[in-house]
Each structure stands twice: as C-alpha cells, then as structure tokens.
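Contents: one structure, followed by commentary.
The values are calculated or read from the model by the stated rules, or taken from the named source; none is laboratory data. Bear in mind that the values here come from a model prediction, so they are computed numbers and not experimental data. Note: ideal-geometry Cβ built from the backbone for every residue, glycine included; neighbour counts use all protein chains shown. These accessible areas exclude ligands, DNA and RNA; they are computed on the full protein's heavy atoms, side chains included. Shrake-Rupley method; radii C 1.70, N 1.55, O 1.52, S 1.80 Å.
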Amino acid sequence: MKVHIISLFPEAFESYFSSSILGRAIDAGLFQPVFYKLHDFSEKKFGQVDDKAYGMHGQVISPEPLSKAIHHVFQIVGRQIPVVYMTPRGEVLHQSQVETYYEHLTDDFIIICGHYEGIDERIIEKYVDYSISIGEYVLTSGEIAAQVFLDALVRHIPGVLGNPTSLEEESFSKKLHRQKEYPVYTRPEIFEGMAVPEVLTSGNHAAIECWKQDNLS
Ligand code: ADE
C-alpha cells in the first residue's frame, strides 16, 4: 500500500511512523508513505497556501496548490488514483468502513490533510472520492486524523500484525457481530484482591467461548 500524503506539516507524521507497528510495516515495505509539502506547490509569495474565506470568517486552503499537488502525484504514479480528504464534514469512520476502504485502497492513493476552515469545495467536487471524519469533534489538523485512519487501515495488510488472528476476533469485528470485545486478563491470578474469572483458568474451551459471547457489549 502506497499512500501519497499532501500536507502542510509532513513532519507531524515522523514520530508515529517511525515507531511501533507502523514503523515496522514501513521497514518491511508493506506500507509506503510518500509526503508532499503543500507549500512547495504554491506560486504565491512565501509559499502561502491559504486565503480568506468568502462570506465568512477564517482561512481556507486555496484550490491552486492543491490541484497542482494532486496532478503532480497523478503524473508520478502514471494514472489517476483515489483521493481521500480528512475532514469533520466527512463520513464518520467505523470498523466496517475501514474494511471497505481497505479493499478499495490497496494500491496507490492520495490523502489530503485539511487545516483552518478546510479546503476549497471545488477541489472536493472535482477530485475527492472519499471524505472521511474520524469522529464528531474538530481537531486542529487533518494530520492527526490521517494517522488514525492509516493506522486502522494498515493493520489489515497481511504481515503487519504479529498475530493475524487478532484481526478476526477484536472489538467491532464481523466475528464479534461488530460488538465490543470481552474483557481480558493476565497474570497474576489475584491482583489487589480481585481474581481472574474462574472459567478463564479452567482450561474448558467450550465454557470459555460461552463466557466470551456473554461478555460482549
Ligand atoms: N480534521 C479536523 N477534525 C477532523 C475530524 N474529526 N476528522 C477528520 N479530519 C478532521
């Protein structure tokens, strides 16, 4: 999976993408992020990429640098590829949609990270295939939202998770009927006077399966 990230602040991705599971996925070549700094596509003085919103307060990301950046990526890849835009106005993300996006976004795709009041609507009309929100609240930057979305997506690439079966049976998975997972425990068996549910230490697999089903929420 190769994702072309158009961002005002590509450095915001550095820490997360160099650590943990995502870092290992990148090192293994399973996930390839490529960054494009929007300022580099500006033709204005000092690389300005935003302007005053018409008819309301605030700044909006101008269409010209975005269009130039998108076409630049299309040219590098050699074809038009899907364009994702992270915005609180988008479709709110759920696990079932993550699975669908994973099927649709297996090769190259673009992610645009929004800022300020957002991007000029004409870019959305002409180029954006998927507008995605990570929840009904407003963040200061689309970069955080893009990292959340990509993390949820990249976990589905075979080889990324140490234990691939954990994908099958986890909160919101199809197998658990999109419900929240049962509680989990580890050693010690008694911690601060609280015991692990007896059934989990019984070795009775059928009973454990029943307990799991009864403890979904
Ligand atoms: N940018 C700002 N807030 C956002 C959200 N909730 N989802 C996606 N992108 C965003």
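Each of C113, I76, P33 was scored by the projection of its Cα onto the charge dipole of the chain, and the greatest displacement toward the positive side belongs to I76; charges sit on the C-beta of Lys, Arg, Asp and Glu. Normalised by residue number, the volume inside the convex hull of the Cα atoms of the chain is 167 Å³ per residue. Counting pairs of alpha carbon atoms under 8 Å apart in space and at least six apart in sequence, what relative contact order in percent does the chain give? Relative CO of the chain lands at 20 percent. Its relative contact order, with pairs defined as Cα atoms under 8 Å and 6+ residues apart, puts region 164-214 at 19 percent. Straight Cα distances below 12 angstrom link K52 to the aspartates and glutamates E117, D120, with same-chain residues fewer than 8 positions distant left out. Take the Cβ atoms of E198 and F172, set R0 to 25 Å, and the FRET efficiency comes out at 0.35.
Using a probe of 1.4 angstrom and keeping all protein chains present, the accessible surface of the chain works out to 59 square angstrom per residue. Taking the protein heavy atoms of the chain in the context of the full set of protein chains, the accessible area attributed to carbon and sulfur is 53 percent at 1.4 Å. Screening the chain for DSSP H helices whose Cα atoms reach 15 Å or more along their own axis and whose mean Kyte hydropathy is at least 1.0 gives 142-154.
Stretching Q32 away from A53 to a fully extended chain increases their span by 4.1 nm, per 0.36 nm per residue minus the current alpha-carbon distance. Of interest is the spacing of the C-alpha centroids, which for region 124-145 and region 20-73 amounts to 13 Å.
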